[in-house]
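Got a structure for you, questions after.
The values are calculated or read from the model by the stated rules, or taken from the named source; none is laboratory data. Computed from a predicted structure; not experimentally measured. When we count neighbours, we look across all protein chains shown, and the Cβ atoms used for this are built from the backbone with ideal geometry, even at glycine.
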């Protein structure tokens, strides 16, 4: 697995795709150098991101988003689901256990 202290000329960090591929292969028990059916998708994803680089980074719902040079906007991590704010959205269904005197 990768860390933030890699051996490299400038201490490079792995890109997200390379990091996830490495973790996937380790957890799936796929030895280094062995081909896997997911490899074709990984190569396509790398090629796509080589052509369409991030042009903007922004905060979005406790996450980070990027805009690619082709105009696509996306989140870095999967969404945690919808969160609602306000008293009506979070109705109190609790039952009091204190007795009034």
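Among the residues of region 62-80, which ones are without any contact (Cβ under 8 Å) to a residue 24 or more places away in the chain and in contact with a strand residue (DSSP E or B) (Cβ under 8 Å, 6 or more places away or on another chain)?
Across region 62-80, the qualifying residues are 63, 64, 65, 66, 67, 68, 69, 73, 74, 75, 77.
Yes or no, residue by residue, for (1) within 25 Å of residue 74 (Cβ to Cβ); (2) at pLDDT 90 or above; (3) surrounded by 13 or more Cβ atoms within 10 Å (Cβ to Cβ):
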{"site": "4", "(1), (2), (3)": "yes, no, no"}
{"site": "37", "(1), (2), (3)": "yes, yes, no"}
{"site": "40", "(1), (2), (3)": "yes, yes, no"}
{"site": "48", "(1), (2), (3)": "yes, yes, yes"}
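Among the residues of region 13-35 satisfying the criterion of being part of a loop (DSSP other than H, G, I, E, B) and under 19 Å from the mean Cα position of the chain (by Cα), which is surrounded by the fewest Cβ atoms within 10 Å (Cβ to Cβ)?
If we take residues in region 13-35 being part of a loop (DSSP other than H, G, I, E, B) and under 19 Å from the mean Cα position of the chain (by Cα), then 15 is surrounded by the fewest Cβ atoms within 10 Å (Cβ to Cβ).
So, one more: Could you grab the pairs with beta carbons closer than 8 Å, sequence gap of 6+ or different chains, first residue in region 33-53 and at negative phi and free of Cβ contacts under 8 Å to residues at least 12 places away in the same chain, second one surrounded by 10 or more Cβ atoms within 10 Å (Cβ to Cβ) and assigned to a helix (DSSP H, G or I)?
Short answer, once both residue conditions are applied: 36/25.
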